[in-house]
Each structure stands twice: as structure tokens, then as C-alpha cells.
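To start, the structure itself, in C-alpha cells.
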Amino acid sequence: MSVSEAGAAHHVSASARAGAWLTVDCTALADNYRRLARLAEASECAAVVKADGYGLGAEPVAAALAKAGARTFFVAHEEEGRAIRVVLPSARIFVLHGFMPGCAEAFQATGLLPVLNDMHQIQEWSATGRRLGRKLPCAIQVDSGMSRFGVSEADLRAEAVFEAVVPVLVMSHLACADSPDHSANEAQRSRFLAMAERFPGVPRSLAASSGIFLGPAFHFELVRPGAALYGVAPNAVTPALRPVVRLDARIVQVRTLQAGDGVGYGLTWRAERPARVATLGIGYADGFFRAQAGRASVWYRDKRLPLLGRVSMDSVSVDITEVSDPLAPGDVLEVIGPHQSLDALAQTGGTIGYEILTALGHRFHRHYTGS
Ligand SMILES: *Cc1c(COP(=O)(O)O)cnc(C)c1O
């Protein structure tokens with residue numbers, strides 16, 4: 001029997017082999033896109049797919065969003081832009097970090113659009129255009145008060161440099177949009193308005209997910225949601241749109257403990273009475289953070305199962321003493337799903353949904369449902 005015959009004879013599916021299953025609901029993702037687009041109906045609704053589509057897989061996510069109507073996409077790094085270009089042959093793709101010094105000429109050959117954040121990038125983009133004999137398109141980011149990316153008010157007075165590029169978007173980013181009452185929102189908005197006057201007629205963009213919920217005055221000509229598309233709540237009072245991810249971890253081993261037995265590194269948890277414990281195939285290398293020890297739970301049907309002891313790199317232990325069903329290796333427990341939202345899990349871990357999503361590992365079996 002050849003090697004491939006042996007493989008075929010013993011074939012089991014990738015999902016049967018996997019220690020955890022990540023399910024991405026592309027129908028919910030598309031619904032979220034359309035809902036955000038309706039909220040900002042006078043503006044174009046772009047989609048942010050940086051960090052591997054917020055951990056969910058840039059290519060399938062970008063394809064689903066394009067199908068839902070998105071025509072403009074944002075990534076952070078040039079390599080991310082090159083990767084999604086494969087599935088988005090005709091979309092506009094902006095790269096938030098622009099290009100690294102010395103890389104403008106190679107960058108323009110990709111057909112991606114750089115977001116130019118400082119005068120070095122603007123000068124290099126102008127010089128590249130002069131060499132090629134045409135002015136090159138770009139977005140210009142202005143710093144309206146976050147002190148992270150963008151040119152300053154003083155930079156904007158350097159007339160000559162801006163004449164040598166073709167801005168197709170002028171943008172800025174809000175620091176406090178998830179706190180709707182924060183005074184910085186209006187301060188940044190009015191500063192952005194004034195700075196954008198330097199580029200008459202050029203479409204403007206200020207709002208990411210949370211900014212969309214600040215109302216039409218923040219929408220300008222284009223909005224750029226990321227997190228809300230993927231089911232992260234835009235602020236503390238507005239519920240998340242439809243959940244997009246579900247994460248189920250599988251049981252690798254079930255064991256019975258006697259009173260006094262310890263669990264995991266450091267033996268930080270000890271059984272006070274006989275207990276049943278399941279060891280799950282998910283750990284901090286998969287984005288299930290160590291900080292969750294003693295705080296988070298997972299779920300079996302309607303039963304909450306507390307974590308026991310520390311989170312290991314590849315596994316975590318949970319208390320299944322109260323479960324009457326005979327749980328066994330291969331059975332699944334809910335980590336993110338109907339009983340525990342992404343934002344709820346983030347809260348117990350002392351973090352935000354963004355960090356949970358983008359830390360999701362690549363060892364899960366990924367399953368895309370819907371569109
Ligand atoms: C990440 C990012 C976004 C999207 O932000 P969300 O809060 O995820 O919607 C938009 N614009 C810029 C500049 C970003 O860095």
C-alpha cells in the first residue's frame with residue numbers, strides 16, 4: 001500500500017482532529033456591514049480587515065464583506081494589503097501605515113493606496129511620482145489630537161509638498177469615541193474639519209466603529225468600521241451587532257480527583273472533595289489568556305464550568321463535577337457563544353474584545369458558515 005493509500009484509508013476530517021473549533025458566521029458579518037452602512041447612509045462604508053481580519057481570516061472575511069457591498073478596505077501593513085488583493089482584484093485597499101522608508105516605488109507597483117502619516121512619507125511619495133512622471137494617489141492622515149499618526153497643523157502649511165501628490169482621502173482617528181460623552185470627540189471633530197479644509201473637495205473620514213455611533217456629524221464622506229463588523233460592542237451602552245464568532249474547545253482528557261489533589265502549574269487549585277476535571281485543548285497560545293485563571297468559565301449547555309488552576313500554553317482545566325452527562329474526550333465546551341459573548345469573556349480577562357479576537361490562534365479548525 002502506498003503512502004497516499006494509507007492516508008486515504010485512515011482519513012479523518014480536519015475538524016475531527018482539531019482541539020478547538022472556531023466558527024465564523026459570514027452571514028452575520030455581512031448583516032453587520034449592511035447595518036453599519038445604513039447607520040451612515042450618507043457616507044461610503046469601508047471595512048477594516050487588518051490583523052488578519054481581526055483574527056478571523058483576512059481573505060474569507062474580506063471576500064464576504066465585498067459581497068455585502070464594501071468597495072474600500074483598510075489594512076495596517078503592506079503585506080496585509082498584498083494578501084487581500086488576491087481576493088479583491090478591484091477594491092480600493094488603503095494601507096494605514098503607508099510604506100517603510102525607501103519602499104515607495106515598490107509599494108506603488110502593488111496598486112495599494114498608502115495612508116501618508118508624516119512629511120517623510122509625503123516627500124518620498126512625491127519624489128516617486130516625479131520619477132515616474134505622474135502624481136501618485138494616496139490618503140493623507142492628519143493628527144486631530146490623538147498624537148499617534150498623522151501630519152500636524154504646522155506640516156499642513158508646507159504648501160509645495162502636498163501639490164506633488166493626489167490625495168483621494170483625508171482622514172484622522174478618534175481617541176475616545178467609545179466614550180460618547182467625552183469632550184475630546186467634539187474637540188477632535190472641529191480640529192479635523194479645520195485641517196481638512198487644506199484639501200478642498202477631497203473626501204473626509206474620521207469615524208471607526210465607535211465613531212459611527214456618535215452620529216452623522218462624525219460620518220463625513222467615508223466611515224471605517226472594524227471591530228463592530230466582527231461583533232464587538234461599540235461602547236459600554238450600545239449592544240454589539242450580531243455575534244460573528246463562536247469558539248468551542250474540545251475535551252482531551254477527563255479525570256477524577258481526590259480531595260487534596262492539585263491542578264496545573266504551581267498547583268494553585270486543590271480539590272477540597274472528590275471532583276471531575278476536564279482538560280481542554282486550548283491555552284494561552286490560542287488567545288485564552290493566562291490572566292483568565294480563577295476568573296473565566298466555559299459552558300456545557302446551560303452549565304457554567306469554572307476554570308481550575310493556571311492556564312497552560314496548550315490546555316486549561318475545568319470543573320465538570322456538576323455535569324451529569326458522561327463527558328468524554330472529543331466532547332466540546334463553549335468558550336465564546338450564546339452563553340458567553342466575546343465582550344463578556346474579554347471583561348473577565350481584564351481586556352477588550354479586540355484583543356481576544358486578534359489573539360485567536362491558528363491551531364483551531366476554522367469553519368466559515370453563510371455567504
Ligand atoms: C483599527 C482602525 C480602524 C478600525 O477601528 P475599529 O475600532 O475596529 O472600528 C479605523 N481606522 C484606523 C486608523 C484604525 O487604526
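The values are calculated or read from the model by the stated rules, or taken from the named source; none is laboratory data. Every value quoted in this text rests on a predicted model; they were computed, and no experiment measured them. Cβ placement follows ideal geometry from the backbone for every residue including glycine, while neighbour counts extend to all protein chains displayed. Side chains are part of the model used for accessible areas, which takes the heavy atoms of the whole protein and leaves out ligands, DNA and RNA. Shrake-Rupley method; radii C 1.70, N 1.55, O 1.52, S 1.80 Å.
Is it the case that the stretch 292-309 has a residue that's in contact with a helix residue (DSSP H, G or I) (Cβ under 6 Å, 6 or more places away or on another chain) and either of a type in the set (Ser, Thr, Tyr) or touching a residue at least 60 places away in the same chain (Cβ under 8 Å) (or both)? Scanning the stretch 292-309 turns up no residue that is in contact with a helix residue (DSSP H, G or I) (Cβ under 6 Å, 6 or more places away or on another chain) and either of a type in the set (Ser, Thr, Tyr) or touching a residue at least 60 places away in the same chain (Cβ under 8 Å) (or both).
Please go through the stretch 184-209 and give me each residue that is of a type in the set (Ser, Thr, Tyr) and under 18 Å from LEU96 (Cα atoms), ordered by number. SER205, SER209, listed by residue number.
ARG242: basic (Lys, Arg), in contact (Cβ under 8 Å) with a residue 40 or more places away in the chain and surrounded by fewer than 24 Cβ atoms within 10 Å (Cβ to Cβ), yes or no? Against the criterion (basic (Lys, Arg), in contact (Cβ under 8 Å) with a residue 40 or more places away in the chain and surrounded by fewer than 24 Cβ atoms within 10 Å (Cβ to Cβ)), ARG242 qualifies. Taking the stretch 158-238 as the region of interest, none of the helices (runs of 4 or more DSSP H) fully inside it holds 3 or more residues being basic (Lys, Arg) and either more than 11 Å from the ligand (Cβ to nearest atom) or surrounded by fewer than 24 Cβ atoms within 10 Å (Cβ to Cβ) (or both). Taken as a whole, the condition of being modelled with pLDDT under 95, more than 31 Å from the chain's Cα centre (by Cα) and over 22 Å from ALA91 (Cβ atoms) does not apply to ARG131.
Look at ALA291 and say whether it is more than 15 Å from GLN253 (Cα to Cα), open to solvent by 10 Å² or more (accessible area, probe 1.4 Å) and either part of a strand (DSSP E or B) or small (Gly, Ala, Ser) (or both). Write out each step before concluding.
Working: more than 15 Å from GLN253 (Cα to Cα): yes; open to solvent by 10 Å² or more (accessible area, probe 1.4 Å): yes; either part of a strand (DSSP E or B) or small (Gly, Ala, Ser) (or both): yes.
Yes.
Taking the criterion of being of a type in the set (D, E, K, R) and open to solvent by less than 40 Å² (accessible area, probe 1.4 Å), the residues of the stretch 318-349 that qualify are ASP319, GLU334. For the stretch 134-149, taking the residues that are surrounded by 15 or more Cβ atoms within 10 Å (Cβ to Cβ) and among the aliphatic types (A, V, I, L, M), the one that is farthest from the chain's Cα centre (by Cα) is identified as LEU136. The single residue among SER324, SER312 that is in a loop (DSSP other than H, G, I, E, B), of a type in the set (S, T, N, Q) and out of contact with any helix residue (DSSP H, G or I) (no Cβ under 8 Å at 6 or more places or on another chain) turns out to be SER324. Residues in the stretch 20-38 that are buried (at least 20 other Cβ atoms within 10 Å of the Cβ) and over 16 Å from ARG366 (Cβ atoms): ALA30, ASN32, TYR33, LEU36, ALA37.
Among the residues of the stretch 140-156, the one identified as more than 10 Å from the ligand (Cβ to nearest atom) and more than 16 Å from ALA194 (Cα to Cα) is SER147.
Name every residue in the stretch 344-360 that is closer than 17 Å to LEU22 by Cβ and in a helix (DSSP H, G or I), in order of residue number. Step through it out loud before you land on a result.
Narrowing the stretch 344-360 to residues closer than 17 Å to LEU22 by Cβ: 345-346, 353-360.
Answer for the stretch 344-360, where residues must be closer than 17 Å to LEU22 by Cβ and in a helix (DSSP H, G or I): LEU345, ALA346, GLY353, TYR354, GLU355, ILE356, LEU357, THR358, ALA359.
Of the residues in the stretch 4-25, none is part of a strand (DSSP E or B), modelled with pLDDT of 95 or more, within 16 Å of the ligand (Cβ to nearest atom) and not small (Gly, Ala, Ser).
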